[in-house]
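Heads up: the structure comes next, in structure tokens.
The values are calculated or read from the model by the stated rules, or taken from the named source; none is laboratory data. On a predicted model such as this, the values are computed, not experimentally measured, just so you know. Glycine gets a Cβ as well: all are built from the backbone with ideal geometry, and neighbour counts include every protein chain shown. To get the accessible areas, we keep the full protein, side chains included, count just its heavy atoms, and leave off ligands, DNA and RNA. Shrake-Rupley method; radii C 1.70, N 1.55, O 1.52, S 1.80 Å.
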Amino acid sequence: MSSLARRRATDYTVKVISTGFAALSLVLLAWILWTLISRGLPALGPHVFTRITLPPGAGGGLLNAIVGSLIQIGVALVIGTPIGLMCGTFLSENGRNTQVGNAVRFVNDVLLSAPSILIGLFVYQLLVVPFGGFSGWAGSLALAILIIPVVVRTTEDMLNLVPIGLREAAFALGAPQWKVVIMITWRAARAGIVTGILLSLARAAGETAPLLFTSLGNNGWSISMDQPMASLPIAIYQYAASPFEDWVALAWAGALLITAGVLALNIVSRLVLAQMK
Amino acid sequence: MDATLSGTQADAVLKTAHKPTGRISDPIFVGILWSCGIFVLLLLGLIIAMLFEGGFPALREFGISFLWSTDWNPVTEKFGAGVMVFGTLFSAVIAVIVALPLSFGIAFFLTEIAAGPLRRPIGVAIQLLAAIPSIIYGMWGFFVVVPLIAAYVQPPLIEWLGPIPLIGALFQGPPLGAGMLTAGVILAIMILPFITAMFVEVLESVPPMLKESAYGVGATTYEVYRNVSVPYGRTAMVGAVMLGLGRALGETMAVTFVIGNATRMSASLFAPGSTIASTIANEFPEASIGSLKLQSLMQLGFILFVISFIVLALSRMLVRSKLKG
């Protein structure tokens, strides 16, 4: 075989293999989704949304876990979003090319990729041990710490896209910085910032490990933030490993719910981002 | 990118920005911005301090040999991190070895082969793999992948490769399904989208002129990829792999489901093992406040933090160095 023919053959082979790898990753995604749908859908009935956890065989649902998850994520967003938004704004407006700004950016990257289980241990040590018990507050705080770096990163990226001329125009009219930031910069980057918050929400919704040490889970009706609180990921974790068939079915139903929610949030935010860029 | 703020130009605008107003509202606003920035700095410091403080008694009890001691016996209250540190590194390395060729191939596909309208949806679909929560990978691995590996992958491998000296040691033991290899494979699927996305970003930053010159002298697509694009982005690509490694090190729920959770050390890919994260998740419920076991788990957490911090810091250095310059 001539050298050219051999090079062409190599090129072709690599292209086929690469296409095969890409196809394989799509197959994996489809396989995971199919597993969730085929096992979760049959288990998904009205009882999942209307009943709380009951002993095996009693036809319990996931109501307390769904409500607990919503409460904890809601509180986490209320705590984490303003801090993340302000910190992202700091990086984009005041912390550019400064030592402090670079340090904050680095630390934020570390927090973004730090193993989430360690955030759980941290909050356990910070809140659960001194206050003598697992609580919804502790769970929310752990989720908030996971939310902050995502919001910081997207906020900074989005604010950096806002044209300098827009700010200059506002400053030229004598506007103070807070007015420029709130009324001009944030408004211009609104869609991107909301996207960041949605992405952080998607991340927090699926996190299990940090909740193990903070809100623990609760098999009863739990809406008191001072008490251990149920959550969907923890319920899935407990049920999936249980020996009872109906509990395992509930775990699949919960897994389908979470994944559908998380993927929907991701797709929506990607669409918004794609339109912006 | 002309229209965006960058570098000194931005500094100049923003410095004049809060001078002339002289109102009380502006210093307050800027103060809030600064304090939120500082808060993030302090948060990381506090996390390090709390993990260290929580685990320090275990370090004092067992000494520095806690790091490599392979004892883990709750009954006799002897604890060591050796098995878990080994399991953490072993499973993460398997994950990178499996994910790396796939990422190279998929990045090649996405940057050079896929036609316009196909490219985005496929890229997004691969990114969605990263959005699926860890616990879902755990369930899928436990109920679907583990039985498959136990039935179809391990028996032939044990039969064919087990008797070979040296590498045979990797393929010993009963085909349980759960173990290091399964954990590594699941981790590989989880980190694949991260590595691929960063590869694509790096490859897209290769100046078109470089590639065009190579095409001009008659190179094939693959040759351009291998000899121009990849060498150009090598540093950043190594950084991307490190980032994937960092993620694999700290994954908890997926690994807990499929690694078998044995606190023994084995060189076999099929033997059940445990990682730092899976041990913490598994054994935490049985550790009471103030117990030596809890302190040992905290110390494990601190070790995990140090390992992932080093890997992430290196990764960030490598990635930034290329993408900026």
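Among the chymotrypsin sites (Phe, Trp or Tyr not before Pro) in the stretch A:185-277, which ones are in a DSSP loop with at most 16 other Cβ atoms within 10 Å of the Cβ? Mind listing them? Don't jump to the answer; show the numbers that get you there.
Values: sites: A:Trp186, A:Phe213, A:Trp221, A:Tyr237, A:Tyr239, A:Phe244, A:Trp247, A:Trp252; in loops: A:Phe213, A:Trp221, A:Phe244.
Of the chymotrypsin sites (Phe, Trp or Tyr not before Pro), the ones in loops of the stretch A:185-277 whose Cβ has at most 16 other Cβ atoms within 10 Å are A:Trp221, A:Phe244.
Give me Rg/Rg_expected for the protein assembly as shown, where Rg uses Cα atoms only and Rg_expected = 2.2 N^0.38 Å with N residues. The partial results should precede the final answer.
Details: Rg = 25.2 Å, N = 602, 2.2 N^0.38 = 25.0 Å.
Its radius of gyration relative to the 2.2 N^0.38 Å reference: 1.01.
In whole Å, largest first, what are the principal axis extents of the Cα atoms in the stretch B:65-178?
62, 35, 27
Would you mind getting the accessible area per residue of the stretch B:23-147, heavy atoms of the protein chains only, 1.4 Å probe, in Å²?
Here the per-residue accessible area is 42 Å².
Can you list which of the chymotrypsin sites (Phe, Trp or Tyr not before Pro) found in the stretch A:14-111 are DSSP loop residues with at most 15 other C-beta atoms within 10 Å?
Numbers: sites: A:Phe21, A:Trp31, A:Trp34, A:Phe49, A:Phe90, A:Phe106; in loops: none.
Within the stretch A:14-111, no chymotrypsin sites (Phe, Trp or Tyr not before Pro) qualify (loop, at most 15 other Cβ atoms within 10 Å).
For the stretch A:1-91, take every pair of Cα atoms, bin their distances at 10 Å starting from 0, and report each bin as a whole percent.
Reading the bins upward from 0: 13, 17, 18, 21, 16, 10, 6, 1.
Which value, in Å to one decimal place, does the Kirkwood hydrodynamic radius take for the stretch A:51-160 when every pair of different Cα atoms is included? If you can, show how the numbers build up before the last one.
Details: mean 1/r = 0.0638 Å⁻¹.
Computed over Cα pairs of the stretch A:51-160, the Kirkwood hydrodynamic radius comes out at 15.7 Å.
Report the normalised scattering of the stretch B:143-253 as log10 I(q)/I(0) at q = 0.17, 0.22, 0.23 Å⁻¹, calculated by the Debye formula with identical scatterers on the alpha carbons.
Debye curve over Cα of the stretch B:143-253, log10 I(q)/I(0) at q = 0.17, 0.22, 0.23 Å⁻¹: -0.87, -1.06, -1.11.
To the nearest 20 Debye, how big is the dipole of chain B about its Cα centre, given +1 on the beta carbon of each Lys and Arg and -1 on that of each Asp and Glu?
Numbers: 17 positive and 16 negative charges, 122 e Å.
The dipole magnitude comes to about 580 debye.
Could you state the principal axis extents of the C-alpha atoms in the stretch A:46-276, from the largest down, to the nearest angstrom?
70, 40, 26
Kindly provide the GluC sites (Glu not before Pro) of the stretch A:136-227 that DSSP labels as loop, not H, G, I, E or B, and whose Cβ sees at most 14 other Cβ atoms within 10 Å. Write down the numbers at each step before the final one.
On the way: sites: A:Glu156, A:Glu168, A:Glu207; in loops: A:Glu207.
For GluC sites (Glu not before Pro) across the stretch A:136-227 that sit outside H, G, I, E and B with at most 14 neighbouring Cβ atoms in 10 Å, the list is empty.
Quantify how strongly other chains surround peptide A:97-105 by giving the mean number of their Cβ atoms within 10 Å of each of its Cβ atoms.
Details: counts 5, 2, 0, 4, 1, 0, 5, 8, 4.
So the per-residue partner count for this stretch is 3.
Which Cα, out of A:Pro42, A:Ser3, A:Leu199, lies furthest along the positive dipole direction of chain A (beta carbon charges, K/R +1, D/E -1)?
A:Ser3
Ranked by accessible surface with a 1.4 Å probe, highest first, in what order do B:Glu77, B:Glu53, B:Glu283 come?
On the way: B:Glu77 85, B:Glu53 115, B:Glu283 30 Å².
So the residues, ranked largest to smallest area, are B:Glu53, B:Glu77, B:Glu283.
Return the value, in Å² to the nearest 100, of accessible area buried between chains B and A (probe 1.4 Å, both sides summed). Mind showing how you got there, number by number?
Details: alone 18150 and 15170 Å², together 24880 Å².
Accessible area lost upon association: around 8400 Å².
For B:252-262, what's the mean count of beta carbons from other chains sitting within 10 Å of each residue's beta carbon?
Average neighbour count from other chains, rounded to a whole number: 3.
Averaged over A:125-132, how many beta carbons belonging to a partner chain fall within 10 Å of each residue's beta carbon? Can you show the working numbers first?
Details: counts 11, 4, 0, 1, 5, 0, 0, 1.
What the average comes to for A:125-132 is 3.
Could you work out the helix-only [θ] at 222 nm for the protein assembly as shown, with each DSSP H run of four or more residues adding -39,500 (n - 2.57) and the total divided by the number of residues, to the nearest 500 deg cm²/dmol?
Numbers: 24 runs with 398 residues, N = 602.
For the protein assembly as shown, the value works out to -22000 deg cm²/dmol.
How much of the accessible area of chain A, in percent, comes from carbon and sulfur atoms when a 1.4 Å probe is used? Each step should come with its number before you reach the end.
Working: 7600 of 10980 Å².
Carbon and sulfur: 69 percent of the exposed surface of chain A.
Measuring with a 1.4 Å probe in the full set of protein chains, what accessible area per residue, in whole Å², belongs to the stretch B:149-247?
On the way: 4450 Å² over 99 residues.
Per-residue accessible area for the stretch B:149-247 comes out at 45 Å².
Compute the orientation-averaged projected area for the stretch A:1-40 from the convex hull of its Cα atoms and round it to one decimal in nm². Write down the numbers at each step before the final one.
Numbers: hull surface 11.1 nm².
Reported value for the Cα convex hull: 2.8 nm².
Please work out the ratio of the alpha-carbon Rg of chain B to 2.2 N^0.38 Å and round it to two decimals.
On the way: Rg = 24.2 Å, N = 325, 2.2 N^0.38 = 19.8 Å.
Here the Cα radius of gyration is 1.22 times the empirical estimate.
Determine the per residue accessible area of chain A with all protein chains present and a 1.4 angstrom probe, expressed in square angstrom. Intermediate results must be reported in sequence, preceding the final value.
Details: 10980 Å² over 277 residues.
Here the per-residue accessible area is 40 Å².
So, with +1 on the Cβ of K and R and -1 on the Cβ of D and E, and no other charges, what is the size of the charge dipole of the protein assembly as shown about its Cα centre, to the nearest 20 debye?
On the way: 33 positive and 26 negative charges, 283 e Å.
Approximately 1360 debye in magnitude.
Before anything else, pin down the relative contact order of the stretch A:206-255: Cα pairs under 8 Å, at least 6 apart, normalised by residue count, whole percent.
Numbers: 53 pairs, mean separation 14.3, N = 50.
Taking the mean separation of contacting Cα pairs over the length of the stretch A:206-255, I get 29 percent.
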